[in-house]
Structure formats: structure tokens, C-alpha cells
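Okay, so here's the structure we're looking at.
Read-outs: derived from the displayed coordinates by stated rules, not from any lab. Given the structure is predicted, the values throughout are model-derived calculations rather than measurements. So basically every Cβ, Gly included, is an ideal-geometry build from the backbone, and we count neighbours across all protein chains shown.
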Amino acid sequence: MNHSAKMAQTLRLLLAFLAIGSCIASDNIDLWPMPKTVSHGTQKLYIKKDITMSMVGSTYSDEKSILKDAFQRMVDLITLNHVIDGMNPTSMVLTCVNVVVHTPDDELNFGADESYNLTVPTTGDPLYAQIEAQTVFGALHGLQTFGQLCYFDFTSRLIELNSAPWIITDTPRFPYRGLLIDTARHYLPVKIIKGVIDAMTYSKLNVLHWHIVDEQSFPIEIPSYPKLWNGSYSYSERYTMSDAIDIVRYAERRGVNVLAEIDVPGHARSWGVSYPSLWPSDSCREPLDVSKNFTFEVIDGILSDFSKVFKFKFAHLGGDEVNTSCWTTTPHIEGWLNNNHMNVSDAYRDFVLRSQKIAISHGYDIINWEETFNNFGDKLDHKTVVHNWLGEDVAPKVVAAGLRCIVSNQDKWYLDHLDASWEGFYMNEPLKGINDTKQQQLVIGGEVCMWGEEIDASDIEQTIWPRAAAAAERLWTPTEKLANDTRLVTSRLARFRCLLNQRGVAAAPLAGYGRASPAEPGPCVRQ
């Protein structure tokens, strides 16, 4: 962006703050994403330095310490690493958060009830907040919201909570609220992936789509075919199966599912580094060789190993950007096509459908990129979820055909598009052009995509945030609570971006595009 454009962007943002910042601040609703219903008062409470959690009335035993650990993380977050050395006052002190979970199950299943109610009263002895939820995962969201109500006060040197009493009822708009990361274009260390997961929970995203392998790199261990990860960039840029298990467990304990993707038949050149028979030929290395049973045996082995690690209901099988020219220029594949009375379009369809059957045999529902629908949608298994990315006109066609859909249209929700502004992320509506209620229910949600060609551990956080948070509110908050004008949410998102910074997340300023940097000295909320 040139200097004059950048100055114009900064001025626009500043005018928005001046116009609406004061009225939002006066109402004291700085929550992100905005809950379904919120009411509050005007009183100040203090958070006891050794605030505790109780579970009176809960049928959930917390044997895995999911809630206990989440509560401790929340307490650590609200201190913002300040030393809490003020004197505990004698009144208006919140001593406890009581969490009531009504179901004992703690398996993170797709479509699990994520709703919660949060009340913070101003009367009672002792004075305690209460979170009520059907599942532990709804309770985790309640703790996140409670944490946003708290802040460190530099006068009292205590954690305070303003505008009590609070009564909040909340539930997500969509069950699938995703973020894609790409570890094939650049390796992402496990610690970085865990940091992404932590930041996702702050804005209530709940699916980490792990695009693990691609043509450039195959970084994950596959016990069934142990040489596959010889296609990694280097010996140290790999993930063991134990690493994958660790990431999945880390995510699940935070209410985040991990969706594993292997992209077939294209984007798979790295597969043949140690198993070259997967290539059509040494000079023509993708798509995968459709003519050999060995290709599908390897896919079966990968998905069999994945099924022991990735417990999410879905597996992503890719299917996008398949250039079939290798199949027609390789004699043995051309002969196979002729013997089976197929052209390359038939072979592409056969490859995708055969891969789907393998995934289903391992208990998965399937997600495929939209090219599979565009080319042979009526042949896809009915369990297929079509992942829209090319244009916004596809989702209405998918649901009209009776299939489920995830929206990620690249002009609005691709984070690697550095010219895509947070305003575009916020205003992108997954149900655009879909008016039938039953068809709307087939849109299970949306996903922002952090493709990794120009992303690694050095710049991933500021490229994801805060734009992913803007999409997160679109996916969480009821339509009637969403702003039709992004100026009405600028101040609130700016405060959330500053909160991310305070929590150690390198979220970029709102002013500018992509991973912008501050234009000049000034307070965080004015960047």
C-alpha cells in the first residue's frame, strides 16, 4: 500500500473511533464475539486474588481436569502478567466462579452443545459468578467471556470487573467455525500450532483445519508407510504420530477439533520422494498415479493411521486444482484409461470417489474442495461436505443439491490475501443467496484459511489476527446482533486486538491490510 493510501486508511479508522468509540465505551460491552443476549449494570466488583472455582450442582465430574485447567488458564490470562499486590477490599469481592455442567460426557463431538449462561451478581455472601452449560465445552466458552470482563486496575493493583451485574446467554450461530493452517508450504513448530489453538479459543473458533501435506512437503509420520516423511523439507521439520496426538489432545481440551487433510489426487508430488511408483513417471510427478492399486493402498494406510489419532467426525480429502495432463502423457496410464473406457475426467471422478469410500470405511464423513462438486457433484457420496473457496455463488448450488457446505470464499476469507481487510472478513455472509431455511441448515459454517506460501513461524500470528477474529464474530453471533456497518464494531474489535497483544498474541493493527504495522506512535486501540 502506498503512503497516501495508508494515511487515508489510518484517518478513516481514527474518524471511526472519534465518532463511535465513546458511545461504545460508555455502554461497557467490549466483548468479542458479541454474545446472543447481554444485560449489565453499573457497579464495580473486585476479583479476589485467590479466586476459586466450584462445581456445585454439576453432573460433570471433571476427571480429566478440563475445567480445572481452563479456569487456571483464565485466571493467568486476566492478570496480564501484572503483579496483583493490592489489598483485598472488604466488600464487593467476587470470591468464586461456580460452574454447572449438566451432562457428564466430555467427548468433543461435532455439533456438541456449546451454549452457556453467565451471571455475575452484585449481591450475595459469598459473592460468586455462575456459568451454566449443557456441556463442558459450553462452559469453556463461558470462562472465555468471563475473562474478557476482567481487567487489571493500576490504582487498586487488583483485578476488577466493571458494570455488574451481568446476565449473558450465548450460543453459536454455526457449529463449524474453522481456521486452516498449512504445514506443507512452511513447517510450523508444535509450539506455534498450540499458540494458534490458544488464540482460536479467545474468539471461540472451534475447528483447526490442518492442511498437513502438499506437493512441497510431507512432514508427518505414517507408520503404515514409514518412508513417506522422507518427503519433508528436512530431518527436523517433521511431526511424529505422538506429536499429532499431543496437538489433538491439546486442542480437544480447549474445545477445538482438529480436521486432518490429505489432498488427493493433486498437490501430492512429495508422496513419491521415497515411493516413486506413486508418480505417473519420474518426469511427471503429479497427480498421483490413478492406474495403480498401490496408490489407494497408501491412501488407505494414511487414513487408517489417521483414524487412530484424528477423532473428528470429518476427514478432508482435498480434490482441488487437479491438472490431469500427466495422466494423458504417461503411456501406462493412457493404456489403463483406454482399457477402462475412461477419459481423464472420468479418472479424476473415479479417484475422488474411491478415496471417499476408503475414508468412509475408516469412519469418516468427507470434506472435499468445491472442484469435486463443480465437476461431478451428483456422484459425490451423500456424506460429502463441499468446501467452497472459489466464489460466493457455489454455496447456494451445493445446498440446493442437498449437500452440506463450508464457506471459505477466497476473496474474503483467505488470510494470505494481504489486501483483504478485516472489514471484508466481518461482512462476508455465509448464507448469502440462500433463503430457504432447510438449505441454510446445510451450511454448517465457515473457515478462514491461512495458506502458508509466505507464512512461517515468524509472521503467522500477525497475518491471522485480528482478521480471523472479525470472521469469528460472523460465525458465532446471531444475525440480528451483527453490525451492518463495520464502523459500529471498530472500537470493540480494536480493544479485542489489544487484548490479544496483552495475552502474547502478535495480532496486527486494524489500520491497514494483512499483517500491517503501526503507522506512528500512539495507544494500542488507535492503531
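Quick notes on this structure:
- Size of electric dipole in the chain: Cβ of Lys, Arg +1 and of Asp, Glu -1, about Cα centre, debye, nearest 20: 1120
- Top positive-direction residue, dipole computed over the stretch 134-273 with Cβ charges, set Tyr202, Leu158, Ser270: Leu158
- The stretch between Ala457 and Gln43 holds 144.8 nm of extra length on full extension. This uses 0.36 nm per residue minus the Cα-Cα distance.
- Mean Kyte hydropathy of 0.5 or more with a Cα span along the axis of at least 24 Å, helices from DSSP in the chain: 3-27
- Cross-link pairs Lys194/Lys227; Lys313/Lys357; Lys36/Lys68; Lys357/Lys379 - those with Cα-Cα distance over 18 Å: Lys194/Lys227; Lys36/Lys68
- Note on the stretch 64-220: Cα-Cα pairs beyond 24 Å make up 44% of the total pair count.
- Protection proxy ranking, highest mean first, for peptides 37-46, 405-414, 518-527: 405-414, 37-46, 518-527, where packing is the per-residue count of other beta-carbon atoms within 10 Å, averaged.
- Paramagnetic reach from Asn484 in the stretch 436-471 [backbone N under 20 Å; point 7 Å along Cα→Cβ]: 436
- For the pair His82 and Lys432, a Förster radius of 45 Å applied to the C-beta separation gives a FRET efficiency near 0.55, rounded to the nearest 0.05.
- The percentage of C-alpha pairs in the stretch 317-402 whose separation is greater than 15 Å is 59%.
- Under a 5 Å amide H cut-off, with hydrogens placed 1.01 Å from N, Ala507 pairs with Asn501 among residues at least 5 apart or on other chains.
- In this structure, Arg157 and Asp69 have a Cβ-Cβ separation that, at R0 = 25 Å, corresponds to a calculated FRET efficiency of about 0.40.
- Overall dimensions of the stretch 313-359 by Cα: Rg and Dmax, Å: 12.1, 39
- The stretch 232-273: chymotrypsin sites (Phe, Trp or Tyr not before Pro) falling in loop per DSSP and having at most 14 other Cβ within 10 Å: Tyr235
- Within the stretch 105-134, GluC sites (Glu not before Pro) in DSSP loop having at most 14 other beta-carbon neighbours inside 10 Å: Glu107
- Mean projected area of the Cα convex hull of the stretch 153-263, taken over all directions, amounts to 10.4 nm².
- For a label point 7 Å along the Cα-to-beta-carbon line of Ser325, residues of the stretch 283-309 with backbone N under 16 Å: 283-288
- Expressed per residue, the C-alpha convex hull volume of the stretch 292-340 stands at 98 Å³.
- For the pair Thr240 and Tyr275, the difference between a 0.36 nm per residue extended length and the Cα-Cα distance amounts to 10.7 nm.
- For the stretch 134-178, the convex hull spanned by the alpha carbon atoms encloses 113 Å³ per residue.
- Linear extension gain, Asn293 paired with Lys379, 0.36 nm per residue minus alpha-carbon span: 28.8 nm
- Value of Rg to Rh for the stretch 200-252 (Rh from inverse mean 1/r over Cα pairs, i.e. Kirkwood): 1.05
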